[in-house]
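The structure appears below as structure tokens.
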């Protein structure tokens, strides 16, 4: 158990708790509305809230900016967040690792599953062009990458990946309405487990609302959030496959 | 490249008129000293410390001789006598002036030559302190060069100098080039400079010599960490204008808010007092290489920014004329102006562009200081952020030298860490995205922007003609600047203005005036 380390929001002095809130209340601006905004802010833990602005943003709707000192704190000592642990490698180092330690091309199959039509994430990781100057897995000699695109059903993805003897499956989930990204992703893991080949494949999840902790909870091997570069994913896959290869002798 | 039409004959006329105005005032300045100036002399000669009650030694000594009606000879005169009579140091001499039972006996004084000789080494030392600070600045600037123009200027103001130091470093980390520690509310009206480090201040942090040193250390650290020179700024204004200038010179500040008329107009400090104090402060500043920031931006917070734009330009010519008389180079004159037009006025952005470009062209060698919107800032911080972005767009397009960044929380509180961070980020975006916009565009020769610039210059000529005719004293009395009216003997600090005796002695000022 770590010692308690409570921290508060920082304005310009330690412990001042200063934050601002902006919100709309379904009521026209008035002295009463201002008081309502103040109480609303107090209900969120703000002490001595200052209503910096109150404006009519639509008929019978008031827009507010409120400043105040939040009484809340968080104990960072009690927070543990798992992070993907993989050494940072350049493209050349990854190619070298695959060539020397694995000796064959790694097969990767990726898709946006379910109703999700947003391929920006999976394209960034898999397509030749890549993301932010970092080229995608298609560009590697050591990878054979299949981008199945959008709106792929879990059973199609699983069948294709199994048919290709994929080393890794990449699932991208951008849409998060009513937590469909979680249900959908978990369903894929369940399907592959039922089919009995979960141990043979790495399952990677990515998307703007995804982090490593969530991916682990859903039964994946790793999760990658916004800003992830292709080399990070490539490095993770190569490293894990090498471990498995060694373990099997 | 985007330029506005500027009639050089009219600019020349403005400069002649401003010189005329300044010459008239200079005759008054040369015949007077102030308690603030005498305290500065005493500090520079080497007196330091405070009494048991916390009153600075220089105040105790100077006030005592002022009350006795003896200050017209200059405090250096008395220090010199005590030195000739055997005092071991200026400190000891100053303590004698402050606390000895009797005032210095002036019945049979040493010869003026003997007094001057006793003071000379201390004057030499004072100048050497300024010069070595200046050399230190130049050396560090060679090691870590300053960022490109417009330099990004932010304010910290926690009240606690140690928190300020932390915030100064954070600001440098986020991309600031210049850090100003704003002063505690109404320090400009204190007739003394507090002593030592301070941790309690409302609305800002006291300017003290020790506080200057603490921030200098923090900004030097930040400069070396980020490989970019970080400029430190404070305020040489109010009743201790020249004392602050001395402290800033030796603690190696880079910029000082320093204006020939700001104190008169906005702090109701007596105009005789201010004119004398600004002159001596600028003599020190000239020697130290510090860049001044003038306060014309403030005019537009009390007067309308469209109607009274020409008063800003006229005042810039006057500030320039005063600064030239105090030995400043144009490269040290950060003349101020501001983005203060009502943002909802049609074409307000065009008027802002016109004024900023006009000032840039007229004062081409000067490090012009561009100030953000404040008067029309609102509690809607999201709108305020956009307002500031357009301000920055004018700044980069017209190639301003120093830009004080706008804060979206301007109407709410002194800037917090997040406010500065977001402001620096947004400004970096605007500067990068529009880097060469000014080089690429041209303004229509007879378009709205060009016409606005022509009108403002015409109005400035007319105003300066009027001020030159009436003299600055009467012009201020009539409200020519910022719509504020002040009288010659009114305001704070008038009691501290003293006509010089014919044998008044001030070897520090003599040396500064004689300096190349």
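Descriptive notes on the structure:
- Peptide A:13-22 has a mean of 3 when you count, residue by residue, the C-beta atoms of other protein chains within 10 Å of its C-beta.
- Gaussian network model of chain A, springs between alpha carbon atoms under 10 Å - residue of A:118, A:181, A:72 with greatest fluctuation: A:72
- Dividing the helix sum by the residues of chain A, where each DSSP H run of 4 or more adds -39500 (n - 2.57), gives a mean residue ellipticity at 222 nm of -9500 deg cm²/dmol.
- Crossing angle, helix B:271-288 versus chain B [Cα axis fit, 0-90 degrees, rounded to tens]: 90
- The Cα center of the range B:35-63 and the Cα center of the range B:88-132 differ in position by 13 Å.
- Of the peptides B:364-371, B:196-203, the order by per-residue mean of other Cβ atoms within 10 Å, starting with the highest, comes out as B:364-371, B:196-203.
- Kirkwood hydrodynamic radius over Cα pairs of chain B, then Stokes diffusion coefficient at 25 °C and 0.890 mPa s, in µm²/s: 104
- The range A:49-81 and the range B:261-304 have Cα centres spaced 41 Å apart.
- Between the range A:145-171 and the range A:215-249, the alpha-carbon centres lie 16 Å apart.
- Whether the range A:6-76 is rounded, prolate or oblate, judged on the alpha carbon gyration tensor where a/c under 1.5 counts as rounded: prolate
- Residue of A:93, A:59, A:199 that the Gaussian network model of chain A assigns the largest fluctuation, springs spanning Cα pairs under 10 Å: A:59
- Test item: B:378-389 mean partner chain Cβ contacts at 10 Å: 3
- Put simply, the C-alpha atoms of the range B:363-516 give a gyration tensor, and the ellipsoid matching it has half-axes of 38, 24, 20 Å, longest first.
- Highest mobility in the GNM of chain A, judged by mean-square fluctuation with C-alpha springs under 10 Å and restricted to A:39, A:178, A:89, is found for A:39.
- When peptides B:377-387, B:250-260, B:423-433 are ranked by their average number of other Cβ atoms within 10 Å per residue, the highest-first order is B:250-260, B:377-387, B:423-433.
- Sorting B:122, B:413 from the fewest to the most surrounding beta carbons within 10 angstrom yields B:413, B:122.
- When each of the peptides B:309-317, B:85-93, B:225-233, A:213-221 is scored by how many other beta carbons lie within 10 Å of its residues on average, the order from highest to lowest is B:309-317, B:225-233, A:213-221, B:85-93.
- Likely footprinting exposure, B:296, B:513, fewest C-beta neighbours within 10 Å first: B:513, B:296
- Three-way shape label, the range A:1-128, alpha-carbon gyration tensor, a/c 1.5: oblate
- Each of B:344, B:246 was scored by other Cβ atoms within 10 Å of its Cβ. Listed from fewest to most, they are B:344, B:246.
- Angstrom value of the Kirkwood radius, inverse mean 1/r, which spans all Cα pairs in the protein assembly as shown: 30.5
- Chain B: calculated mean residue ellipticity at 222 nm from DSSP helix runs of at least 4, using -39500 (n - 2.57): -17000 deg cm²/dmol
- With eigenvalues of the C-alpha gyration tensor scaled by 5 and rooted, the range B:145-235, Å: 24, 12, 11
- Counting only alpha carbon atoms, the long axis of helix A:154-163 and the longest principal axis of chain A meet at about 30°.
- Diffusion constant of the range B:157-311 at 4 °C, which comes from Stokes-Einstein with the Kirkwood Cα-pair radius and 1.567 mPa s, µm²/s: 81
- Relative to the longest principal axis of the Cα atoms of chain A, the long axis of helix A:180-195 lies at roughly 30 degrees.
- If you look at the Cα atoms of the range A:83-233, you get an Rg and a Dmax of 14.3, 45 Å.
- Rg and Dmax [Cα atoms of the range B:55-186; Å; Rg one decimal, Dmax integer]: 21.7, 63
All of the numbers you see were taken from the coordinates with simple rules; none came from a lab. Quick caveat: nothing in here was measured; it's all calculated off a predicted structure. In this analysis, Cβ positions are derived from the backbone assuming ideal geometry, glycine residues included, and neighbour counts consider all displayed protein chains.
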